[in-house]
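*Asks:* My questions all concern the structure below.
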Amino acid sequence: MATHSESVSAPPVPANLQATGLSADQLEQLLVKTLYVGEASGLSISDKIRLPFTILEPLIERLRAERLIEVRGAGGSGASSYRYALTDLGRARSLQYFDISRYVGPAPVPLAIYVAAMTALQEARGYLDRDRLRQGFSHLIVRDEMLEQLGPAVNAAKAIFLYGPPGNGKTVLAEGMGRALGGEMYIPHAIDVDGHTITLFDPIAHEPLEEDAATDDAPSVIVNTQRDRRWVRIRRPVVMVGGELTLNQLDLTFNPITKFYEAPIHMKANGGVFLVDDFGRQRIRPEELLNRWIVPLENRIDYLTLHTGKKFQIPFDVLVVFATNLNPEALADEAFLRRIPYKIPVEDPTVEEFTRIFELNCKRRKLRFHQVMVAYLHRRHYTPIGRPLRACHPRDLLDQVTAMCRYRGIEPAISRELIDAACAAYFIDAPVNAPAMPQQPRTKTATNRLEIH
């Protein structure tokens, strides 16, 4: 979606209190809670709250006049170098504020400003071409026909259904789409909705593109004044969920102890890719999950609800990818499948593609590639029993070969004997010419079905 020429404008530094979108009372409460852990310099407070000291100084002076904050000393000239601490009255007041919300950190960004930024990002989006898409998949072996299907789907910004046998790279295809999107964007650490704080930045889901930490010795508020530091510059996110996904993760999570919210998982993916892996194997029925997505997929907006009952709207600027090895027609009805216009099968690799994947994995492990070994593997362990080729097999089998070599204390290398041993450990079915395993007697509680989650 993003092109090389696309530039993302950094949110400007707020010039005054009004430009922050927050009230003086909100920031004063955050100031008092920030000082609860101990004294801090003016610049350190400014850095923790991510707002210029020029905005915070009048608020600090008002808190000093109310005898909630006192000056313990100075590390230089000017109020920004003073060391501030809570008075006894201030500590008592901070406990009252903690009863309202225990959030301490960067000042939140109002919902309206976040929505405007996401809308502008969506409108400024460019398009992928063949070269850009190939770069995103340069680390994989992907046939041209697949790329020709993925490219238009990504440019359309519509939902995608990847389906086919397990082990053929549906997950890494979604990751490749995220790499192809590339680019950067800004998201706020937290969002304010009518006085309620929602944390958005997640170091697990988001990859920051700059060092955001600072110390009292080198506060980043001094060296980085070109943008509003309540926002984080990140790579476009690629957020993945699997069988652990529940409906609760698609709504705001309110912590009754800390008394603030965490953004839902798909909101963290805004501006990037959201992959629902192993679709159909979640603990909830597929119909329930699909019904939750109907409005966002159709209208590109979503509605979230605070525990007070207030509903609010957010942009749904997400490329949603459903990946499954089940039959899509068995998971969703026609009405829902219509909202997923791109249904792309991910098929087994050909022998030639399998060989190229094997060679690529050898290079990554610094193993010498022998095409004759691939031919032996195919002839000995695939053809006789009609075992299908899977794109994950070269990686998994070579990992086993490497592990066996290290256990034996020898230099990792590929041999027929090691390939046979790896296949014997990896595949469940009996190897060629091996005696059949005796049948175990069934008990009343035995089952004739193996379910893999």
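The values are calculated or read from the model by the stated rules, or taken from the named source; none is laboratory data. Here the structure is a predicted model, which means the values were calculated and not measured. Because the Cβ atoms are built from the backbone with ideal geometry, glycine has one as well, and the counts that use them run over all protein chains shown. The accessibility values were calculated without ligands, DNA or RNA, using every heavy atom of the protein model including side chains. Shrake-Rupley method; radii C 1.70, N 1.55, O 1.52, S 1.80 Å.
*Asks:* Which one is farthest from residue 329 (Cα to Cα) among residues in the range 151-179 that are under 19 Å from the mean Cα position of the chain (by Cα) and of a type outside the set (A, V, I, L, M, F, W, C)?
*Replies:* Going through the qualifying residues, I end up with 179.
*Asks:* Is it true that some residue in the range 2-15 is small (Gly, Ala, Ser) and either open to solvent by less than 10 Å² (accessible area, probe 1.4 Å) or over 30 Å from residue 270 (Cβ atoms) (or both)? Break it down into steps so the answer makes sense when it comes.
*Replies:* First pass over the range 2-15, keeping only residues small (Gly, Ala, Ser): 2, 5, 7, 9-10, 15.
Pick out the ones that are also either open to solvent by less than 10 Å² (accessible area, probe 1.4 Å) or over 30 Å from residue 270 (Cβ atoms) (or both) and you get 2.
Yes: one or more hits.
*Asks:* Now for a different question. Applying the selection to the range 407-419, what residues are of a type in the set (D, E, K, R) and closer than 16 Å to residue 358 by Cα? Quick ask: steps written out before the conclusion?
*Replies:* Applying the first criterion (of a type in the set (D, E, K, R)) to the range 407-419 yields 408, 411, 416-417.
Result: 416, single match.
*Asks:* For the range 84-114, which positions are without any contact (Cβ under 8 Å) to a residue 24 or more places away in the chain, open to solvent by 70 Å² or more (accessible area, probe 1.4 Å) and of a type in the set (A, V, I, L, M)?
*Replies:* Selection gives 89, 95.
*Asks:* While we're on this one: Among what's in the range 307-340 and is closer than 16 Å to residue 169 by Cα and open to solvent by less than 20 Å² (accessible area, probe 1.4 Å), pick the residue that is farthest from the chain's Cα centre (by Cα). Walk me through it before giving the result.
*Replies:* From the range 307-340, those closer than 16 Å to residue 169 by Cα are 321-326; that's our starting set.
Subset that is open to solvent by less than 20 Å² (accessible area, probe 1.4 Å): 321-324.
Numbers: 321: 13, 322: 15, 323: 16, 324: 19 Å.
Among them, the one singled out is 324.
*Asks:* Kindly indicate whether residue 274 is within 30 Å of residue 106 (Cα to Cα), aromatic (Phe, Trp, Tyr) and more than 14 Å from the chain's Cα centre (by Cα).
*Replies:* Numbers: within 30 Å of residue 106 (Cα to Cα): yes; aromatic (Phe, Trp, Tyr): yes; more than 14 Å from the chain's Cα centre (by Cα): no.
It is false that residue 274 is within 30 Å of residue 106 (Cα to Cα), aromatic (Phe, Trp, Tyr) and more than 14 Å from the chain's Cα centre (by Cα).
*Asks:* Out of the residues in the range 141-159 meeting the condition of being open to solvent by less than 40 Å² (accessible area, probe 1.4 Å) and not in a helix (DSSP H, G or I), tell me which one is nearest to residue 125 (Cα to Cα).
*Replies:* 157
*Asks:* Let me ask something else. Scanning for something touching a residue at least 60 places away in the same chain (Cβ under 8 Å) and open to solvent by less than 20 Å² (accessible area, probe 1.4 Å), does the range 206-216 turn up at least one residue? Can you show your working first?
*Replies:* Restricting attention to the range 206-216, the residues satisfying the condition of being touching a residue at least 60 places away in the same chain (Cβ under 8 Å) are 206, 214, 216.
Remaining after also requiring open to solvent by less than 20 Å² (accessible area, probe 1.4 Å): 206.
Yes, there is a match, as at least one residue in the range 206-216 is touching a residue at least 60 places away in the same chain (Cβ under 8 Å) and open to solvent by less than 20 Å² (accessible area, probe 1.4 Å).
*Asks:* Report yes if residue 117 is free of Cβ contacts under 8 Å to residues at least 24 places away in the same chain and either out of contact with any strand residue (DSSP E or B) (no Cβ under 7 Å at 6 or more places or on another chain) or within 24 Å of residue 199 (Cα to Cα) (or both), otherwise no.
*Replies:* No; evaluated as a whole, the condition is false for this residue.
*Asks:* Tell me, which residue of the range 373-414 that is free of Cβ contacts under 8 Å to residues at least 24 places away in the same chain and not in a helix (DSSP H, G or I) is most open to solvent (accessible area, probe 1.4 Å)?
*Replies:* 411
*Asks:* Moving on to the next point. So which residues in the range 274-305 are assigned to a loop (DSSP other than H, G, I, E, B) and either touching a Ser or Thr at 6+ places or on another chain (Cβ under 6 Å) or surrounded by fewer than 16 Cβ atoms within 10 Å (Cβ to Cβ) (or both)? Reasoning before the result, please.
*Replies:* First, the residues of the range 274-305 that are assigned to a loop (DSSP other than H, G, I, E, B): 277-285, 300.
Scanning the range 274-305 gives 277, 279, 280, 283, 284, 285, 300.
*Asks:* Now a separate question. Here are some residues: 355, 350. Which one is more than 30 Å from residue 236 (Cβ to Cβ), surrounded by 13 or more Cβ atoms within 10 Å (Cβ to Cβ) and among the β-branched types (Val, Ile, Thr)? Let's see the steps before the verdict.
*Replies:* Values: 350 fails: surrounded by 13 or more Cβ atoms within 10 Å (Cβ to Cβ).
Just a single option satisfies the conditions, and that option is 355.
*Asks:* Only one of 314, 340 is touching a residue at least 12 places away in the same chain (Cβ under 8 Å), assigned to a loop (DSSP other than H, G, I, E, B), in contact with a strand residue (DSSP E or B) (Cβ under 6 Å, 6 or more places away or on another chain) and under 25 Å from residue 205 (Cα atoms). Can you tell me which?
*Replies:* Details: 314 fails: assigned to a loop (DSSP other than H, G, I, E, B).
Being touching a residue at least 12 places away in the same chain (Cβ under 8 Å), assigned to a loop (DSSP other than H, G, I, E, B), in contact with a strand residue (DSSP E or B) (Cβ under 6 Å, 6 or more places away or on another chain) and under 25 Å from residue 205 (Cα atoms) holds for just one of 314, 340, which is 340.
*Asks:* Does at least one position in the range 252-273 carry a residue that is surrounded by 14 or more Cβ atoms within 10 Å (Cβ to Cβ) and either modelled with pLDDT under 85 or touching a Gly at 6+ places or on another chain (Cβ under 8 Å) (or both)? Explain how you work it out, then say what you get.
*Replies:* To start, the set of residues in the range 252-273 that are surrounded by 14 or more Cβ atoms within 10 Å (Cβ to Cβ) comprises 252-254, 258-273.
Going one step further and asking which of them are either modelled with pLDDT under 85 or touching a Gly at 6+ places or on another chain (Cβ under 8 Å) (or both), we end up with 272-273.
So far as the range 252-273 goes, yes, one or more of its residues are surrounded by 14 or more Cβ atoms within 10 Å (Cβ to Cβ) and either modelled with pLDDT under 85 or touching a Gly at 6+ places or on another chain (Cβ under 8 Å) (or both).
*Asks:* Here's another thing I want to ask about it. Can you give me the number of residues within the range 259-280 that are under 20 Å from residue 159 (Cα atoms) and touching a Leu at 6+ places or on another chain (Cβ under 8 Å)?
*Replies:* As a first pass, look at the range 259-280 and keep what is under 20 Å from residue 159 (Cα atoms): 264-280.
Checking which are touching a Leu at 6+ places or on another chain (Cβ under 8 Å) leaves us with 264-268, 271-274, 276, 279-280.
Residues meeting the conditions: 12.
*Asks:* Tally up the residues in the range 228-245 that are within 27 Å of residue 279 (Cα to Cα), among the charged types (D, E, K, R) and crowded, with 21+ Cβ neighbours inside 10 Å, please. Steps first, please.
*Replies:* Applying the first criterion (within 27 Å of residue 279 (Cα to Cα)) to the range 228-245 yields 235-245.
So of that shortlist, the ones also among the charged types (D, E, K, R) come out as 235-236, 244.
Next, only the ones that are crowded, with 21+ Cβ neighbours inside 10 Å stay: 236.
Residues flagged as within 27 Å of residue 279 (Cα to Cα), among the charged types (D, E, K, R) and crowded, with 21+ Cβ neighbours inside 10 Å within the range 228-245 amount to 1.
*Asks:* Exactly one condition in (1) in contact with a Pro (Cβ under 9 Å, 6 or more places away or on another chain); (2) open to solvent by less than 70 Å² (accessible area, probe 1.4 Å) is false for residue 343; which is it?
*Replies:* Of (1) in contact with a Pro (Cβ under 9 Å, 6 or more places away or on another chain); (2) open to solvent by less than 70 Å² (accessible area, probe 1.4 Å), only one is false for residue 343: (2).
*Asks:* Tell me which residues, restricted to the range 26-72, are farther than 28 Å from residue 226 by Cβ and open to solvent by less than 20 Å² (accessible area, probe 1.4 Å).
*Replies:* 32, 63, 68, 69, listed by residue number.
*Asks:* Checking residue 2 against (1) modelled with pLDDT under 95; (2) touching a helix residue (DSSP H, G or I) at 6+ places or on another chain (Cβ under 7 Å); (3) more than 30 Å from residue 177 (Cβ to Cβ), only one condition comes out false. Which one?
*Replies:* (3)
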